[in-house]
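Remarks on the structure that follows.
Every read-out reported here was derived from the displayed coordinates using simple, explicitly stated rules and does not represent laboratory data. Here the structure is a predicted model, which means the values were calculated and not measured. Note: ideal-geometry Cβ built from the backbone for every residue, glycine included; neighbour counts use all protein chains shown.
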Amino acid sequence: MGDISVKAYAKINLCLDVVRKMDSGYHEIATVMQSVDLCDDIDITFNDQASITAESNLYFLPKGDKNIAVRAVRLFFEASGTPPRGCVIKIKKRIPVCAGMAGGSTDGAAVLRALNDYFSIGFKQKELESLAEKLGSDLPFCVGGGTVLCKGRGEIMTELKAMPRCRVLICKPPFPISTAELFSVIDSSALKHRPDIDGMLISIEQGCLAGVARRMYNVFEDVLPQRYSEIRSIKSKLLDTGALGASMTGTGSAVFGLYDDEETAEKAFALMKKQYDECFLAETMEKYV
């Protein structure tokens, strides 16, 4: 254990729409994000060195400033006025990488939360979210998690009533999908189908899990190149095993299904685990800040 230990929770997109391309070149999105209890473990150990480095159980993760957790430490010291300290950030990855689950973003957000507590700086949640936004689009949500409507680049957030708790089966195929590639091919004005976000919000407010599952939709699935056809196959398999609904999260490549029955979810997990190495049975969770 380090001087600081914190968990970094994954997210899924219950629905995801691309509204338009903004003058800045970025795309405006509308999405309902949801925290799940699949998490990375982060331990921070301070030392007398001048360097801030990251270590992980995944050899290919960057150790220096290309790692969001490292940049989060630097940003925190700068924003809080705390004298910089050298440290080693040990990250035990469970959240699949390049999966659309905010695996790197949630590590950075968790580091900001943890340092704020450790040094008793007193940044409020909104202040941490504003700080997190400097590191990436998903980070503001990952500061507090829960069930949130996110617009803009993801930083315009409206907290929602917690969706009904349920089991979430997550499967990642053995390939990543380039976020930049999908954003480069999507044309929001040409989309024929869009998620019923208003209906999703009503279902969440009413506590209707079936209504949430029925309205799950991700517009990026409509522009997936043929080489990613396994995404559709996983969705079909999840539905065949009893999922109320299934969808790709973010720009992929992970796919998830929602289950309202524990036994059904466990049986589905046992079946899918035989086919996909990166397969996880998680649960939805309420906000953690």
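With the largest listed first and rounded to whole Å, the semi-axes of the equivalent ellipsoid of the chain from the Cα gyration tensor are 31, 21, 19. Taking all Cα pairs closer than 8 Å and separated by 6 or more residues, the relative contact order of region 167-283 comes to 42 percent.
The mean sequence distance of close C-alpha pairs (under 8 Å, at least 6 residues apart), as a share of the length of the chain, puts its relative contact order at 23 percent.
When you restrict to C-alpha pairs under 8 Å that are six or more residues apart and normalise by the size of region 61-147, the relative contact order lands at 31 percent. Across region 201-215, rounded Karplus estimates of 3J(HN,Hα) from the backbone phi angles (6.51 cos²θ - 1.76 cosθ + 1.60, θ = phi - 60°) give 5, 5, 5, 5, 4, 7, x, 9, 5, 4, x, 4, 4, 5, 9 Hz, Gly and Pro being marked x. I'd like the orientation of helix 262-273 relative to the chain: the angle between its Cα long axis and the longest Cα principal axis, in ° from 0 to 90, rounded to 10. That works out to roughly 80 degrees. Evaluated on region 214-289, the Kirkwood hydrodynamic radius is 13.2 Å, with distances taken between all distinct Cα atoms. The Rg/Rh ratio of region 1-139, with Rg taken over Cα atoms and Rh as the Kirkwood radius over Cα pairs, comes to 0.98.
Could you work out the local net charge near D65, counting Lys and Arg as +1, Asp and Glu as -1, over the other residues with Cβ closer than 10 Å to its Cβ?
Every neighbour counted, the sum reads +4.
When Rg and the Kirkwood radius Rh are both evaluated on Cα atoms of region 167-283, their ratio Rg/Rh stands at 0.98.
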